[in-house]
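Bear in mind that the values in this text are calculations on the coordinates, not laboratory data. The model shown is predicted, which means the values in this text are computed figures rather than measured ones. Positions of Cβ are backbone-derived with ideal geometry, glycine not excepted, and every protein chain shown enters the neighbour counts.
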Amino acid sequence: MLNRMTVQALRQICAPSATNPFPAKHMPESLCGFLRDVAEGKRSLCPPVEPPEGYRGRIAYDRGKCIGCRLCIKVCPANAIEFVPEEKKIRIHVDRCCFCEQCTEICPVSCLWMTRECLVSGTDRREQVVVDSGPKP
């Protein structure tokens, strides 16, 4: 007997992968060995796959357009946006962002937007804070 949850689980298992493929033409026998060869220049990584249309990547922020209304803070489910009272502007913590795009949709002056940048991980949390990205291209 199939219930709704089982059917949903089967659909997810059979659905095509939504992630980038392994960054090499063929899966190596040893990942550590492959990475060692890359570091030594014996092998190379394939370039990242182009993000699909409508991809929501790293958030960008035009500080000059921001009016400090704080609507983005109210709708952010991940608490990734904080208000800086002295400057009456916001600060965005990308490491907390869930890329839902609610902040960009509610912003009355369109000072927030999602880029197509997909490589957003890092080791320094200070690098993951967006203070100003400049005007939207």
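Look at the dipole of the chain built from charges on Cβ: of Pro85, Leu112, Val75, the Cα furthest out on the positive end belongs to Val75. Counting only DSSP beta bridges with both residues in segment 59-130, the antiparallel share comes to about 100 percent.
Compute the signed sum of charges (Lys and Arg +1, Asp and Glu -1) over the other residues within less than 13 Å, Cβ to Cβ, of Arg91.
+2
For the peptides 69-80, 125-136, the ranking by packing is 69-80, 125-136, with the highest mean count of neighbouring Cβ atoms within 10 Å listed first.
Residues considered: Gly33, Gly122, Gly68. Largest GNM mean-square fluctuation over the chain, using C-alpha springs under 10 Å, is found at Gly33.
First obtain the Kirkwood hydrodynamic radius of the chain from its Cα pairs, then insert it into the Stokes-Einstein equation at 4 °C and 1.567 mPa s, and state the resulting D in µm² per second as a whole number. Could the numbers behind the result be given before it?
Values: Rh = 18.1 Å.
Using the Kirkwood radius from Cα pairs, D works out to 71 µm²/s.
With a cut-off of at most 14 other beta carbons within 10 Å, and DSSP calling the residue loop, which GluC sites (Glu not before Pro) in segment 57-91 qualify? Please list them.
On the way: sites: Glu82, Glu86, Glu87; in loops: Glu86, Glu87.
Within segment 57-91, the qualifying GluC sites (Glu not before Pro) (loop, at most 14 other Cβ atoms within 10 Å) are Glu86, Glu87.
Which net charge results for the neighbourhood of Gly134, defined as the other residues with beta-carbon distances under 12 angstrom from its beta-carbon, given Lys and Arg at +1 and Asp and Glu at -1?
Details: positive: Arg63, Lys65, Lys136; negative: Asp62, Asp132.
So the surrounding residues net to +1.
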